[in-house]
Every structure is written in C-alpha cells, then in structure tokens.
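The values are calculated or read from the model by the stated rules, or taken from the named source; none is laboratory data. Just so you know, these numbers come straight off a predicted model, no measurement behind them. Here the Cβ positions follow ideal geometry from the backbone for every residue, glycine too, while neighbour counts run over all protein chains shown.
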Amino acid sequence: MTETFYEVLRRQGITRRSFLKFCSLTATSLGLGSTAVPRIAHALETRPRTPVLWLHGLECTCCSESFIRSAHPLTKDVVLSMLSLDYDDTLMAAAGHQAEAILEEVRAKYKGNYIVAVEGNPPLNEDGMFCIQSGRPFVEKLRETAADCKAIISWGSCASWGCVQAARPNPTRATPVHKVIHDKPIIKVPGCPPIAEVMTGVVTYMLTFDRIPELDRQGRPKMFYGQRIHDKCYRRPHFDAGQFVEQWDDENARRGYCLYKVGCKGPTTYNACSTVRWNEGVSFPIQSGHGCIGCSEDGFWDKGAFYDRLTDIQQFGVEKNADEVGLAAAGAVGAAVAAHAAASALSRLRSRPGTDQPKGED
C-alpha cells in the first residue's frame, strides 16, 4: 500500500503544526479560502500518494527545468512526499530495460489510478520515426501508457499546442497530446515553459482533491489561466493613459511605460505571469523590460513577429482630464439621442392620416 502524504511527513519528523501550516500555504497558493484547509488536511492524511509517469516527447526539457525550481511548494516536497514519481527518464536513476519495466509495473498495479504527465509532443510523420524511445516511436509509448491512466497533464506549450516543433511547415507533423489521445481527461498547462508554481499548484490540487481543476474552454486550469497578463500588469495604468514605449531603450522605456507598441502580447495572453511571476515571485518578462510574446497561447510561433503591434488602439490619453473625457462621451451620447429623436419624429409624421408617403411605398 502506498503511503499517504501525511505518513511520509511524520516519518520525516514533521510536526502536526508544520503540517497544518503547509495545508494553509497550499490553500493560499491555489487561491482557495481558509475553509479549504481542513479539506486539504483530510485529503493528505487519508489518500495514498498518486503514482505519476512523466514522459518526454519532442521538447527541450525547459518544463522540467522550471518544475524543479518551484518554491511554493518546494519541488522536493511534491516529488518525494506528495506524489510518487515512478518514471521520469530525465530524473530517474534507472535506465534501459530496468526503467521500462517500471512502466509495465505501474500500469498493471495501479490501473486507472495513475497520472501521465507529458512534456513535449509526438511527431506523426514517417510513422513517428522522428522521436524514438526504447526502440520504438514515442507516439506508441504515449498511447500505451495513457491507455489505463486516470488523467493526463500536458506540460508546456509543446504538449498543449505543438509549440515551435509544430510551427509551419511542421515537417515532422509534431502534434499536441489532445489530438492523439481522445478518451482521457487532459489538463493543459501551457507556457514555454510554464511557471514552476503553476505546475506544482496543478499537481497539488489534483492530489489533494482527487479531481482535475476547473478548466476553461481550451482545457487550461482557470485558477492560473483565467485572466490575461494585461489585466494585472503593473504597467496597465500607462496603457490606459496612452503612455507607451515607442522604440527600445527610448526615454519612455526608461520611465517604465507600457510595452504594447513594441509588440507586447499581454492583452491577448492568458497566464499568471503578472501575479505569480518567476523565480520565487521576483520578476517576469514585462517587469524585466521585454514585452510578453504570448508563449502560452495556441500557435504563438505562427502568429506573426514577436515585436509587431497587435492592433491600433486609441486611448483618451493622460493629458485629458475628467471634464474633457466626460464632454466627449456626452457629445457622442447627445448625437445618438438627436439621431434617435429625428428618426422617431419622421416615423410619427408618416403614421398620420393623409400624410403623403414616398413613392413606391404602400
């Protein structure tokens, strides 16, 4: 029988007080209220750790690199205590036949109760021969491993959307996981790579509540992908005021103005970069002076140059005061009211008996 998370902590000498503190921090990181703390504690005390099989297709391993840098919770707590990471050919000590035997063992012993985490994607061209693992195409290994799993996590934009491997003309036919596996719940955690705490947060939620988090229409967890980066960006007031960086390293760039005109995709990108941030919450690309390139969105490699402006949006501008803005709005409303009044008067005139109708009308 697999140990529970709480049993592992007690064996490591962790006190009950520290355990409950961990549950509180977990609830906070997941955006849950204080009422969720007892539920998290109960789940971690009673549920056995969940086996996870982490597969690698066409990718650069940046998702793994991000994952191992999580600070809340620490990756070592997730890997060594919360889940049972039984297979990951990047991190595991076993190799060759020894490693592949673990896949067979987990599939047989925990049928229907393990999670498959996929980093990268399978290429389908030439019968999958552009990505060979264990002497066979990765797409075969993916389908076989996913056949008896509980759910699939698609790590990063490679697994979620295809990313650079699937960019035009896509000679290998690199294909996202959800277009290969159709009969399993799939949680997409896009980004190139995803934020470390987003990755561990998704895993923590699934292990705590034994269900997948609420997803948006594209299959992404709403708790991390429910808002645009633009919505919580600290440069948003400059956007609203019409204050923009016009070219790199100009005076407006030094003032920290909005990067929209030099290609920032924050207004159309859904991710937690502007709230969770990177490197234990230190910064994110926009804070470092570079616009968002929209790496968590589908097909971002094929949506034009990273530094092209999205659209031409006109703001009121910082020089406009409230009275001027109000007069402009009132003028627009007044024009609309006048047009409506004129149309109504004409309609009443036409409805009077004896009023001549325009030729051609009854």
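Would you mind listing the helices (runs of 4 or more DSSP H) fully within segment 195-311 where at least 1 residues are under 20 Å from the mean Cα position of the chain (by Cα)?
Ranges flagged: 196-209, 222-225.
Quick one: in segment 54-72, of everything that is closer than 16 Å to Thr204 by Cα and either touching a Ser or Thr at 6+ places or on another chain (Cβ under 6 Å) or among the aromatic types (Phe, Trp, Tyr) (or both), which residue is modelled with the lowest pLDDT?
Per the criteria, the residue is His72.
From the list Gly281, Gly294, Gly266, which one is on the phi > 0 side of the Ramachandran plot and surrounded by 14 or more Cβ atoms within 10 Å (Cβ to Cβ)?
Step by step, each of Gly281, Gly294, Gly266 is checked, and only Gly294 is on the phi > 0 side of the Ramachandran plot and surrounded by 14 or more Cβ atoms within 10 Å (Cβ to Cβ).
One residue is enough: does segment 170-177 have a residue meeting the conditions out of contact with any strand residue (DSSP E or B) (no Cβ under 7 Å at 6 or more places or on another chain), surrounded by fewer than 24 Cβ atoms within 10 Å (Cβ to Cβ) and assigned by TED's automatic domain parsing to the domain that holds His56?
Checked segment 170-177: at least one residue is out of contact with any strand residue (DSSP E or B) (no Cβ under 7 Å at 6 or more places or on another chain), surrounded by fewer than 24 Cβ atoms within 10 Å (Cβ to Cβ) and assigned by TED's automatic domain parsing to the domain that holds His56.
Pick from segment 218-237 the residues that are buried (at least 21 other Cβ atoms within 10 Å of the Cβ) and not hydroxyl-bearing (Ser, Thr, Tyr): which of them is nearest to Val177 (Cα to Cα)?
Arg220
List every residue pair whose Cβ atoms lie under 8 Å apart, where the two residues are 6 or more positions apart in sequence or sit on different chains, the first residue falls within segment 69-98 and is polar (S, T, N, Q), and the second residue, located anywhere, is surrounded by 14 or more Cβ atoms within 10 Å (Cβ to Cβ) and modelled with pLDDT under 80.
Partner pairs satisfying both residue conditions: Ser70/Val78; Thr75/Arg69; Ser81/Phe5; Ser81/Val8; Ser81/Leu9; Ser81/Arg49; Ser84/Thr2; Ser84/Arg49.
Within segment 184-215, can you find the residues that are among the charged types (D, E, K, R) and at pLDDT 95 or above?
Within segment 184-215, Lys184, Lys188 qualify.
Quick check on my filter: what residues within segment 24-69 are surrounded by 15 or more Cβ atoms within 10 Å (Cβ to Cβ), out of contact with any helix residue (DSSP H, G or I) (no Cβ under 6 Å at 6 or more places or on another chain), of a type in the set (A, V, I, L, M, F, W, C) and part of a helix (DSSP H, G or I)?
Hit for segment 24-69 is Cys62, nothing else.
Residue check, Tyr205 against (1) of a type outside the set (Lys, Arg); (2) under 30 Å from Met129 (Cα atoms); (3) touching a residue at least 24 places away in the same chain (Cβ under 8 Å), all met but one. Which one?
For Tyr205, the exception is condition (2).
For Leu215, state whether it is buried (at least 22 other Cβ atoms within 10 Å of the Cβ), farther than 25 Å from Gly304 by Cβ and in contact with a Pro (Cβ under 8 Å, 6 or more places away or on another chain).
So Leu215 does not fit the description; no.
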